[in-house]
Amino acid sequence: MKRVILVRSMWMAAILLGVSFVSFMLMRALPGDFVLAAAGAQMLQPEVLEAMRRDLGLNQPLIEQYLSWLGAVLKGDFGTSFVTHQPVLHELWPRFLVTLELALIAAFIALVMGVSTGLVSARLRGAADWIVRLYNGFILAVPNFVVGTLIVLLVGLYFPELAVLSYTPFLEDPLGNIAGMILPAFALALAISVTISENTRAAVLEVSNQDFVMVARAKGLLPRTILWNYLMRNALTPIITVTGLQVATLLGGSIVIETIFAIPGMGQYLFDSITSRDYPVIQAIVLVAAACVVFINTLADIAYATADARVEA
Amino acid sequence: MSDAAIFSLAGAEPAPRRRLRPTAGRLLLGLGLVMLTILVLITLLAPLVAPFDPSATSPQSLEGSSSQHWLGTDAIGRDVLSRIIVGGRTTLFITFTAVSLALLAGLVLGLLSGYVGGWVDEVIMRILDVIFAFPVFLLAIAVVAALGPTVPNLILTIAIVYTPAMSRVVRGPVLSVKKWDHVEAARSIGMSEWRIVTRHVLPMVVSPIVVATSLTLAQTIFTVTALSFLGLGPPPPDPNWGGMLADARQFMELAPLTVVGPAAAIVFATLTFIVLANGLREVLDVGSER
């Protein structure tokens, strides 16, 4: 057990190192001059540009630049925004929390939808199974930004009194904040609910075929008891793992939805930074989102290894 | 040696062709092929099929459906249907080229990794693990933003983003197939490694690759249209589905068809490849990925 955690954590550290290097190189591989981008629209003297280059450490070898950048990042210093000249972390943190909230609400909606359709599919079989699977196949073909745009369109046409595009900060009005998050979260949740539904179906079907369930049925336990105490209990691990992995990708994948619904999260921040070519911010967001995925992946691996002693480290 | 020759050698009559029973998998595959044909035909013949010039403006802006403009007109009076038909060209061209590149790279890396094994496998898989850690769409956005949104950059980006997944799909089955007896036999009679790989390993792993390619095509349509939706797509004036959807949002309550049209096109194209992938999976009997 301890060995599993140790090996996975070292593995995670190695991947994170690679991820940080790619994030670093991504912004150094830009066509054009980094300093000119930092200077923005101002026309500066060559001497000033040279001084900026020295300040940013751009005249040092690439590997030294990377190491000093990595050292700063580990201390929580992601550099300064080219646009606002504020520390990136300072601006990123509140937006990260907004995206996290959106992702968690989406995960909750997706869990409810996915587990219930998956259960219907696995328990009823026959026509119900087919309907659910066709529905899942269709939903998978509708990208989240299409769902989002259509929601905004329908609300605008038929319920104009619902203000979809107004975001309320959580501290001002917690209920209004959550209410405003439901529609965008729903748009994000649809595709995830399909994955959860398919996994629930597969997990429940697999457990149903095992001997201990037959024994439970043979000794006359109520179907309801079998469902909750035997089937769901064992099917839960894969379902939770899948949901976790999906939430991790949401942290980087809610860009379009945040833009459509005007939610001031990490995704919209990324979009704005791309428009204004604010490279330190882009770099920080890419790094944070990828780190979240790696972290949750590792947690899922450890959870699997803990639940199933046969998994090797 | 043809099949007929084998049968005559064995001194047996060729078995009568089995009638294909319409199973669910075959129905899905058939439906997918029909949808693909429609999609490809409309795309290839776009200039002939489109009723209007997609870039021609007219004073009749934001009109609803009429016998002339079936899906109405957009904010500067361009025919929506024609723009959808021609816009499919850009979107699908990027999709097909990018996935072909990712498939090619995935084949090379996956075969190298799986068949050669050892440190080659370690190095390739560890590098791909790092790329795999980035959420696909996020990486695509960052790379396109860094390189600039042009058609070649979009193709390159999407190819890079989907290469790790493709390589894994190839590597997995190769790992087991290379231990099979017929590979050992081929090697024992002194067949060259290249011939073993192309004749005896690759044909055995085609099915999962075909299914994965179809699913990747569906995901790529999402990625391309979503990038275009954010303004990181192919530059104007050529229409594309994601960009049309984004442009239409401003006036969508006045002319809902300007949104519904491109949305339907995106869903249809994605659905085509999902139906195709599911049909292929049933017919080729490929297990689920896990």
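The values are calculated or read from the model by the stated rules, or taken from the named source; none is laboratory data. These numbers come from a predicted model, not from an experiment. Cβ: placed from backbone, ideal geometry, glycine included. Neighbour counts: every protein chain shown.
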>> All but one of (1) surrounded by fewer than 22 Cβ atoms within 10 Å (Cβ to Cβ); (2) in contact (Cβ under 8 Å) with a residue 24 or more places away in the chain; (3) among the basic types (Lys, Arg) hold for B:Arg126; state the number of the condition that does not hold.
In response: (2)
> Quick check, is A:Val293 farther than 30 Å from B:Gln250 by Cα, touching a Ser or Thr at 6+ places or on another chain (Cβ under 7 Å) and buried (at least 22 other Cβ atoms within 10 Å of the Cβ)?
Replying inline: yes
> Restricting the first residue to the stretch A:177-199 and requiring it to be at negative phi and assigned to a helix (DSSP H, G or I), which pairs with a second residue that is crowded, with 21+ Cβ neighbours inside 10 Å and charged (D, E, K, R) meet a Cβ separation below 9 Å and a spacing of at least six or different chains?
Replying inline: A:Pro184/A:Glu258
> Which of the residues that make up the stretch A:67-91 are of a type in the set (Phe, Trp, Tyr) and under 16 Å from A:Asp278 (Cβ atoms)?
Replying inline: A:Phe78, A:Phe82
>> Considering only residues that are among the hydroxyl-bearing types (Ser, Thr, Tyr) and either within 9 Å of chain B (Cβ to nearest Cβ) or more than 19 Å from A:Gly148 (Cα to Cα) (or both), which ones fall in the stretch A:237-282?
In response: A:Thr237, A:Thr241, A:Thr243, A:Thr249, A:Thr259, A:Ser273, A:Thr275, A:Ser276, A:Tyr279
>> Condition first: within 14 Å of another protein chain (Cβ to nearest Cβ) and either of a type in the set (Gly, Ala, Ser) or within 12 Å of B:Gly106 (Cα to Cα) (or both). Now tell me which residues in the stretch B:136-162 satisfy that.
In response: B:Ala140, B:Ala142, B:Ala145, B:Ala146, B:Gly148, B:Ile160, B:Val161
> For B:Ile141, which of the numbered conditions (1) surrounded by 23 or more Cβ atoms within 10 Å (Cβ to Cβ); (2) at pLDDT below 75 fails to hold?
Replying inline: (2)
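Here are some residues: B:Val174, B:Val108. Which one is modelled with pLDDT of 85 or more, over 30 Å from A:Leu250 (Cβ atoms) and out of contact with any Gly (no Cβ under 8 Å at 6 or more places or on another chain)? Break it down stepwise before answering.
Details: B:Val174 fails: out of contact with any Gly (no Cβ under 8 Å at 6 or more places or on another chain).
Just one listed residue meets the conditions, B:Val108.
Out of all the residues in the stretch A:126-141, is one or more part of a loop (DSSP other than H, G, I, E, B), modelled with pLDDT under 90 and over 22 Å from A:Pro264 (Cα atoms)?
Looking for residues that are part of a loop (DSSP other than H, G, I, E, B), modelled with pLDDT under 90 and over 22 Å from A:Pro264 (Cα atoms), one finds at least one in the stretch A:126-141, hence yes.
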>> Being of a type in the set (Val, Ile, Thr), more than 14 Å from every other protein chain (Cβ to nearest Cβ) and under 25 Å from B:Val275 (Cα atoms) is the requirement here; does A:Val115 meet it?
In response: yes
>> Filter the stretch B:129-155 down to the residues that are part of a helix (DSSP H, G or I), within 21 Å of the chain's Cα centre (by Cα) and in contact (Cβ under 8 Å) with a residue 40 or more places away in the chain and list them by number.
In response: B:Val136, B:Phe137, B:Ala140, B:Ile141, B:Val144, B:Val151, B:Leu154, B:Ile155
>> Based on this model, can you work out whether B:Val116 counts as modelled with pLDDT of 85 or more, of a type in the set (A, V, I, L, M) and touching an Asp or Glu at 6+ places or on another chain (Cβ under 8 Å)?
In response: no
>> Checking the structure you have, find out if any residue of the stretch A:149-159 is part of a loop (DSSP other than H, G, I, E, B) and within 30 Å of B:Leu257 (Cβ to Cβ).
In response: yes
> Given the structure, is B:Gly117 crowded, with 23+ Cβ neighbours inside 10 Å and more than 14 Å from chain A (Cβ to nearest Cβ)?
Replying inline: no
> If you take just the helices (runs of 4 or more DSSP H) that sit entirely in the stretch B:171-290, which of them hold at least 3 residues that are within 14 Å of chain A (Cβ to nearest Cβ) and surrounded by 22 or more Cβ atoms within 10 Å (Cβ to Cβ)?
Replying inline: B:206-229, B:241-248, B:257-284
